[in-house]
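Visitor: Could you have a look at this structure, given as structure tokens, before my questions?
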Amino acid sequence: HNFRFEKNFTLRMQKAWNVAAAASFATSITTCISFISNSMSVFPAVSSFGIFSASLVTMNYFAVISFFPAVISVYHNKIRPCWWDHPSLLFCCKRTVPDEVEPDSNSEEQKEYALVRFFRDTWAPRVIKYRYVIIVIFAGIFAAALLTTMQLEPDEEAPTTLPDGNNYKEFNDIMIDYFARAGNPRNIEVRWVSGIDVDNPIDRSGTEESDIDDYGKANYVGCETYNPTTPAAQVWSLQTCHDLFFGNMTDFHDGDFSFSLDGSNGPKARRTITDNVPLNEYNYYTRVSCPMQGFRDWMLTDTGCGTLEQLGLPCFAETSQRQGCTTWDTNGNSCEPFPVPPSSFLDAVTAFLQDETVDPVTLQTNFDRFSTQVFVENDVDPSSLSGDFSCRTNSDGLVLFAISTINVLDQDFALNYEDGIDLYDLWDTWSSQMVKHGPSEMAATMQTDSAAWAFYFLNETLLEETFSGIGLALGLSLVVLMIVTGNIIIAFYAVFTIGLIVVDVFAFTVLVGWSLGVLESVNYVVVIGMSIDYTVHMGNAFTSSKADTRNERVVLTFQRIAVSVLSSAVSTLLAIFLMFFAPNFFFVKFASFLFVTILLSCIYSMTFFPALLCVIGPMGKTGDVYAFARWLYQKWWRKRHNGEGQDEGGPAPEAASSGDKEADVDMERPSNGGGGDNEDPIPNGAMAKES
């Protein structure tokens, strides 16, 4: 637009391309940096989003500086001559295309856009006049936004793409309110797992990070660290099931130090499980799904007794009559059939799972209830196993790999991540105590859960990645802007302005009631790349201006670039507005972040940033990184050719280019006092002639 009066099309395109390519490069690379910061995330969803977006911005830049100019050239040279002012391409009209003659100053003034005159003659003088007021107002906004940002909390809910009121999203809440007997699907489930390598539980080699169903393979251990067939292992497994719910019912704790006790003598401190749950047998069986408990109870039934007789084992009627027996004695003198001898354990467990008797309370068979907790496989090739599994393999080739016990806590999934990690640490302490005092053949036992622990640590990592990503993006943007604008002060002011916008976006998140979750962590880093464009354009226009004072430079900046900035902001906001109607909540939230970011960026670039330049904008060679680089080069050249004793204030080396010398002359132009506070705003239209 600034070169629309250039008569020669090639020269006009060359000038426009030189300006646009440099400015677009600055904004594109800073936007890429923000997305690249996301690509370094340890979470595949965040990382893939960053890689895709950075690639998209890169391809868009190359298309804008290559394909788009080519299209304009084809239009100007081929289409426009035969399609001037005609609505159809089916035939060439015979009308003559008007000559592009450079008008005189009066006609240029008449053809000048009203917005250009508005920004030059009205908006810029007011920004200059009220520059201190503007800075104070934005300082107050920053202080309020910072206080609001301090109230930002990590999201206690799992990320969702469903809007409020959606049937799928409301399902769990309805289940809790109207179907209490079905249990609370939001409660945390602790899983007490035996048979998997504690230090390296999952082999993820060869997995695809972007495939959410590709979990990898469990690393099952051999008999040396997991042998549930021994009587001691059977009794220990059953007693740990009891301790999961009742707490301190066994001798496996280090005194009173347990997750279920905080130093007091009594069950009141057992908030993690039974704050509102009475410690009775019914609640134990409701909340703890223990295969070993089911196996023991099954042996006391008639069906279990019949199976025991087939295996040559005594039933309860016989074992209860043993002289001097004790409950669950591990030396063969138990008052119950439990525990069974090691040689019969696998066959008895198999019969237990295959029993088709339906429980009258749960309306489930043993297989229905425990099949997802007992991990077995038939016809396993021993050569495919890593380790000795003979103690867990029966005569039919069935291998028992692991057993898991599920304990439903009286604790909702929605927790602050810090409280959630504290809860995890308590359970990990409990797990360590159980294993420490258990038999050596059950060392491969650990506690885990369905999703809560991972979610809490995910939130912690997201919080760290968000702020580290913002810091990385701001730091890299400062370097890029310093190179592109050639002025470290302008680069610092631009990054400082972007920092204010980021804080405002944080405050916006708090005001609308959102928390820091997966979606927000992605958007916060993207804010930097999306908000830097307009400020960079304004700063670049300020540094390239040859005016003598700060005020004059600000006026020329508004005249040259303000319309483009406003047009870009309006078109972007209109495009984003359509995303608010998306059924997917991710797009609605993403649109909200972008809309607020672009709006704030436009406001800051049109008010705060130019007001800041009016007060402390760099003039002359102040902050010029290239002038400093030339000085360093000259200093190095003199030392190399004239020795250490040569006066460093001598003439510049002849190797310096004429362009550099000319740049020095331009930058040393008098500044009329540096554009200080006493400068008066430029009268309306005063800069038109100079431009």
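The values are calculated or read from the model by the stated rules, or taken from the named source; none is laboratory data. Owing to the predicted nature of the structure, the values given are computational and were not obtained by experimental measurement. Here the Cβ positions follow ideal geometry from the backbone for every residue, glycine too, while neighbour counts run over all protein chains shown. Side chains included, ligands, DNA and RNA excluded: accessible areas come from the protein's heavy atoms. Shrake-Rupley method; radii C 1.70, N 1.55, O 1.52, S 1.80 Å.
Visitor: State the percentage of accessible surface on region 502-565 attributable to carbon and sulfur atoms; use a 1.4 Å probe and exclude ligands, DNA and RNA.
Guide: Answer for region 502-565: carbon and sulfur cover 54 percent of the accessible area.
Visitor: When averaged across all projection directions, what area in nm² does the alpha-carbon convex hull of region 201-251 cover? Show your work: numbers first, answer last.
Guide: Details: hull surface 23.1 nm².
Quarter of the Cα hull surface area: 5.8 nm².
Visitor: Still on this structure, please answer the following. Note down the nm distance, to one decimal, between modelled labels 7 Å out along Cα→Cβ at Lys621 and at Asp396.
Guide: 9.1
Visitor: Further question: Can you tell me the accessible area per residue over region 302-445, all protein chains present, probe 1.4 angstrom, in square angstrom?
Guide: 51
Visitor: Mind ranking 326-338, 36-48, 628-640 by how tightly packed they are, going by the mean number of other C-beta atoms within 10 angstrom, highest first?
Guide: Descending mean neighbour count gives 36-48, 326-338, 628-640.
Visitor: Follow-up. Estimate the FRET efficiency between Trp636 and Ala575 by the formula 1/(1 + (r/R0)^6), using the beta-carbon distance for r and 45 Å for R0, to the nearest 0.05.
Guide: 0.35
Visitor: Shifting gears a bit: Quick one: if you take sqrt(5λ) for each eigenvalue of the C-alpha gyration tensor of region 278-405, what semi-axes come out, biggest first, whole angstrom?
Guide: Semi-axis lengths for region 278-405 are 25, 20, 14 Å.
Visitor: How big is the dipole moment of region 109-241 about its Cα centre under a simple scheme where the beta carbon of each Lys and Arg is +1, that of each Asp and Glu is -1, and everything else is neutral? Debye, nearest 20, please.
Guide: Using only the charged Cβ atoms, the result is roughly 1040 debye.
Visitor: Go ahead and collect, in residue order, the members of region 218-238 whose backbone nitrogen is under 20 Å from a label point 7 Å along the Cα-Cβ direction of Ser384.
Guide: Only 218-223 fall inside the zone, counting backbone N under 20 Å.
Visitor: I would also like to ask the following. For Gln411, enumerate residues with amide H under 5 Å from its amide H, sequence gap 5+ or separate chain, H modeled in the peptide plane.
Guide: Ile188
Visitor: For an R0 of 41 angstrom, estimate the FRET efficiency from the Cβ-Cβ distance between Met40 and Asp199 and round to the nearest 0.05. List each step's numbers first, then the result.
Guide: On the way: r = 27 Å, r/R0 = 0.66.
According to the calculation, E is roughly 0.95.
Visitor: Can you pull the one-decimal nm distance between simple spin-label points at Glu208 and Ala21, each 7 Å off the Cα toward Cβ?
Guide: A separation of 4.0 nm, rounded to one decimal place.
Visitor: Could I ask something else about it? Determine, for each peptide in 440-450, 226-236, the mean count of other beta carbons within 10 angstrom over its residues, then list the peptides with the highest first.
Guide: 226-236, 440-450
Visitor: Follow-up question, since we're still on this one. Grab the Cα-Cα distance for Asn584 and Met13, subtract it from 0.36 nm times how many residues apart they are, and report the gain in nm with one decimal.
Guide: Contour length minus Cα-Cα distance gives 201.3 nm.
Visitor: Label points 7 Å out from Cα along the Cβ direction at Val64 and Ser371: separation in nm?
Guide: Label-label distance for Val64 and Ser371, simple model: 5.9 nm.
Visitor: Let me ask something else. Based on alpha-carbon centroids, what's the gap between region 464-494 and region 434-460 in Å, whole number please?
Guide: Between the Cα centres of region 464-494 and region 434-460 lies a distance of 43 Å.
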